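So the structure is just underneath, and the comments pick up after that.
Laboratory data are not the source of any read-out in this text; all were calculated from the coordinates shown. Source: prediction; values computed, not measured. Here Cβ is always computed from backbone atoms with ideal geometry, including for glycine, and neighbour counts include all displayed protein chains.
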2 protein chains.
Amino acid sequence: MFESAEIGHKVDKETYERELPALREALLDIQDELVRKRGFQVVIIVSGVDGGGRSESVHLLNEWLDPRHIETHGMGAPSDEELDRPPMWRFWRALPPHGKIGIFQGSWYSIPLLDRVYGKTRKVDLEESMEGNVRFEKMLSDEGALILKFWFHLSKPIQEKRLKALEKDPRTRWRVTERDWHHFSLYDKFRKTSAEALRLTSSAQAPWYIIEGSDERYRSLMLGKIVLEAMRLRLNSVHNPSHSIPSLPNLPRVDNLHILKSLDLAQKLDKSDYERKLEEYQGRLNVLTRDPRFKKISVIAVFEGNDAAGKGGSIRRVTGALDARMCQVIPIAAPTDEEKAQPYLWRFWRHAPRRGRLAIFDRSWYGRVLVERVEGYCSEYDWLRAYNEINEFETQLAEYGIVVVKFWLSISADEQLKRFKEREQTGFKHYKITDEDWRNRDRWTDYEQAVCDMVDRTSSDLAPWTLVPANDKYHARIQVIKTLCDRIEAGLKRVKGTK
Amino acid sequence: MFESAEIGHKVDKETYERELPALREALLDIQDELVRKRGFQVVIIVSGVDGGGRSESVHLLNEWLDPRHIETHGMGAPSDEELDRPPMWRFWRALPPHGKIGIFQGSWYSIPLLDRVYGKTRKVDLEESMEGNVRFEKMLSDEGALILKFWFHLSKPIQEKRLKALEKDPRTRWRVTERDWHHFSLYDKFRKTSAEALRLTSSAQAPWYIIEGSDERYRSLMLGKIVLEAMRLRLNSVHNPSHSIPSLPNLPRVDNLHILKSLDLAQKLDKSDYERKLEEYQGRLNVLTRDPRFKKISVIAVFEGNDAAGKGGSIRRVTGALDARMCQVIPIAAPTDEEKAQPYLWRFWRHAPRRGRLAIFDRSWYGRVLVERVEGYCSEYDWLRAYNEINEFETQLAEYGIVVVKFWLSISADEQLKRFKEREQTGFKHYKITDEDWRNRDRWTDYEQAVCDMVDRTSSDLAPWTLVPANDKYHARIQVIKTLCDRIEAGLKRVKGTK
């Protein structure tokens, strides 16, 4: 992996000074094009061995490019707000918007790599983390991001020499810490582990650029030229990640049965039963969220369903049981322009609740595989890859200890028609029914197909779908709140330590 | 203050149940209008004595209104990210966008009030905090926000009875804590202090609504009706806060002298002097930002100036001296739609740096009193009130220990013309010159007037303006970086504790 970066690459002063002005001008020009087009973001990871020139490279990029359109992130110790969310949350929130360059010195590689070198984790943990990184970068790349990963390498003797030289010079002495020497003592382990990590994560979308770090001029020219050429290539080509599209987006239907049809929509609850049970489960939900262990978990509840299936009413029965201060309902509408300048899932990640809180999504990230699929608002490739991205997202949430509960509220076409008509007649409900609702009704079977595929492809042990027969509102609301109670209770049981 | 809220207000069950359905329907209707129009935000503060019905009221609003368009904030202990910024930052970030209702249980009143009751602060501190609150609420109101401040009151004997009743019932016992009884022992002090606070902050834009809290039905009906009527009034009237506009936006000019003319634009530095000094000051700046005390402060540097005055070049000389990870350059462009749905200063508050960091603004909040004033992009009242709001903003930053440094880079009209022409001819600089730049030039004297007023009205000891003669770029850059060093050094000296 590092062979070519231990052979003593060098650039003489004359060559460097001859090439630099044109390189700098070209970099500014290409950055200007990026800023003006605002079509995608550039993510640059700067990593490698201590003394290999990481800080210098970050500094150089900020000097050569226009720093007003660069966001540089050190990603040191996470804040308490970050520790209260899944580990990737802090990287999502730090992603640059379209038109900007985000430089990460310290990235989604740092902690898994160091943990492994320090012997805190096993080989399989590292491998798992690296697979997660590949999926994350594939998502970014599919979303149009240009990802440039630099690894600045030094051979062992050169690194030792370099650390000593830095230490000797009073102006640079502060930069060499005990931690650096400790790392040096782990050089062989670090080299082997990072070679493994780089091998696992050098993908077609985001290959590693390994640069020998000992000669500053060589290192700087390489860095500048790779950034320039990669940006130029990306700006001058049509970005079309969908060439890898699978051939069969829709499964053939050979009989007339599907999972929605297997639901018994006739299930009912009478009013007195409903009121008794509602009080019971609201009380239980309230008690569960005041359990001391609840401070260690959080809850994401997703409400999807046919139009007029009663999502809002069910949500109100849930929030009615809760302390409003610990709960946030997030209605998913059209994305804002800040959200449009980011990968699809960004606008959901930003609402990930802190520990001890609940986030209730009224519609959700499933929009992509439902309305966007059916109405053709995104490409086939986009909604097909969404299943994997959503599974990855929910796995990260669940593995962090977030209870992910997903409801599909299902009503029959006849029941929907009845409710639409009722709404049109009822004074303060008429705003709930729009032309779009009527249009969606025309595509009933397409939506049915999309729902079945969604359930088949995204219902997992970690984040299962609950299909709720909702022709009877009482029945639906009780099933929702009971399910939520059961899932939270199971989540609390997984919390370590005494009650 | 509380007299009318100690007389035993009551509503009988029959009246309550008769009035409730119409009230709830009307509330939903009016909220729907708010959501559809998206013209402003509603800020509801819920406060008062323990047991007065604060939590119940928050819960009720969430039950009666559509919780999808409500954001409820408990505002408990601040997070570390919040502690790293001025106290008001957490309220700014929690402001609801236009079309939403933000409910604050725990607000900008809580800490000043409790600190005073606990004897941690003096009377003048409370008064100062309350004056700050009035200014904050005036700004919100001027920005169109509807502010509703509720105070739920109980007389002393009733509060005691209530706490005892809550404690007796096993279902509500958990709600009464030692803290509540401790507060009760301070009842008289609390009553006196809050009466004072309410008196100081009951303004025309944001009066307090004091509601007797002992009877749940009375309290709930009052709450619901006030919210309804206030929203109805606001939605049905043309919001025009500018009636209070002062009569003289522009001072008469009776001679031909002004502060920009008093600058000696001919100041120069030759290249070798420049290079020597640049290295010296960049070194000094770097050392200052690595001082252990720097972790306790932060820096906001504002760059304003004539078009082509060399802001970008000066900024690069500053960032060139810094670790890119601790510094963020924020170019101010057109606001995003999330920013448009908030008060003017929100988009600057959101970039307030954490401790130990620098934020460099390339253009800033002064846009309102410069380009927006001159080009008529906002009303006269808006830019006139901006001076006060900006002073308030910068005072909060400075009092928190943030070093606020503001540069106006000044060039002559002739020098600007020369630079415009140069830019049009230079390859990679041509993008820097736009039609707008040429248009702005036509209004040179209007801008001059605006700059003079800005300096006169916003240069303070806490956040002084530095006027930089910038016809000579070398001179300008050195003055900028030297000023920054001096101000940071002074800021470090104010940090308590040893070096």
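Some observations on this one:
- Scaling the Cα radius of gyration of segment B:407-499 by the globular reference 2.2 N^0.38 Å produces a ratio of 1.41.
- The distance linking segment A:350-396 with segment A:26-47 is 28 Å (Cα centroid to Cα centroid, whole angstrom).
- When Rg and Dmax are taken over the Cα atoms of the protein assembly as shown, they come to 31.0, 94 Å.
- Taken about its Cα centre, segment A:391-499 carries a charge dipole of about 660 debye when Lys and Arg each add +1 at the Cβ and Asp and Glu each add -1 at the Cβ.
- Distance between modelled label sites at residue B:156 and residue A:379, nm, 7 Å Cα→Cβ extension: 7.5 nm
- Within the straight-line cut-off of under 20 Å between alpha carbons, the aspartates and glutamates reachable from residue A:161 are A:3, A:6, A:50, A:56, A:169, A:178, A:180, A:188, A:212, A:215, A:216, sequence neighbours fewer than 8 places apart in one chain being disregarded.
- Long pairs among B:100/B:123; B:277/B:406; A:100/B:418, criterion Cα-Cα beyond 26 Å: B:100/B:123; A:100/B:418
- Global geometry of chain B, whether rounded, prolate or oblate, following the gyration tensor of its Cα atoms and the 1.5 cut on a/c: prolate
- Theoretical gain in end-to-end length, residue A:494 to residue A:120 [0.36 nm per residue, Cα-Cα removed]: 132.4 nm
- Those aspartates and glutamates that a straight Cα-Cα span of less than 20 Å connects to residue A:261, excepting residues fewer than 8 apart in one chain: A:304, A:307, A:414, A:415, A:442, A:446, A:448, A:453, A:456, A:472
- Positive dipole terminus of segment B:10-129, leading residue within B:124, B:26, B:61 (C-beta point charges): B:124
- Mean partner shielding of peptide A:97-105, defined as the number of other chain Cβ atoms within 10 Å of each residue Cβ, is 1.
- Calculated FRET efficiency for the pair residue A:237/residue A:22, C-beta based, R₀ 25 Å, to 0.05: 0.65
- Cross-link check: pairs A:10/A:225; B:311/B:482; A:164/B:295 evaluated at a Cα-Cα cut-off of 22 Å; pairs beyond the cut-off: A:164/B:295.
- Taking other C-beta atoms within 10 angstrom as a stand-in for reagent exposure, A:366, A:447, A:377, A:209 fall in the order A:377, A:209, A:447, A:366, fewest first.
- Evaluated with a Cβ-only charge set (Lys, Arg +1; Asp, Glu -1), the protein assembly as shown carries a dipole of roughly 2480 debye about its Cα centre, given to the nearest 20.
- Magnitude of the charge dipole, segment A:367-420, Cβ model with Lys/Arg +1 and Asp/Glu -1, debye to 20: 240 debye
- Oblate is the label for segment B:271-493, because a/c, from the alpha-carbon gyration tensor with a ≥ b ≥ c as root eigenvalues, is 1.5 or above and a/b does not exceed b/c.
- From least to most packed, judged by other beta carbons within 10 angstrom and beginning with the fewest, A:72, B:458, B:445, B:15 follow the order B:445, B:15, B:458, A:72.
- Charge dipole of chain B about the Cα centre (unit charges at C-beta), most positive-ward option of B:95, B:417, B:312: B:312
- Mean Kyte hydropathy of -1.0 or more with a Cα span along the axis of at least 27 Å, helices from DSSP in chain B: B:13-37, B:123-142, B:216-236, B:473-493
- As a calculated quantity, the FRET efficiency between residue B:205 and residue B:286 at R0 = 41 Å, using C-beta atoms, amounts to about 0.30.
- Pairwise label distance in nanometres, residue B:80 with residue A:423, each label 7 Å out on the Cα-Cβ vector: 4.6 nm
- Mean partner shielding of peptide A:331-337, defined as the number of other chain Cβ atoms within 10 Å of each residue Cβ, is 3.
- Starting from the label point of residue B:94 at 7 Å along Cα→Cβ, the same points in the other copies fall at 2.7 nm, in ascending order.
- Each of A:155, B:203 was scored by other Cβ atoms within 10 Å of its Cβ. Listed from fewest to most, they are B:203, A:155.
- Residues residue B:334 and residue B:135, FRET efficiency given R0 of 35 Å [Cβ-Cβ distance, rounded to 0.05]: 0.80
- Extension gain for the segment residue A:175 to residue A:461, taken as residue separation times 0.36 nm less the Cα-Cα distance, is 98.2 nm to one decimal.
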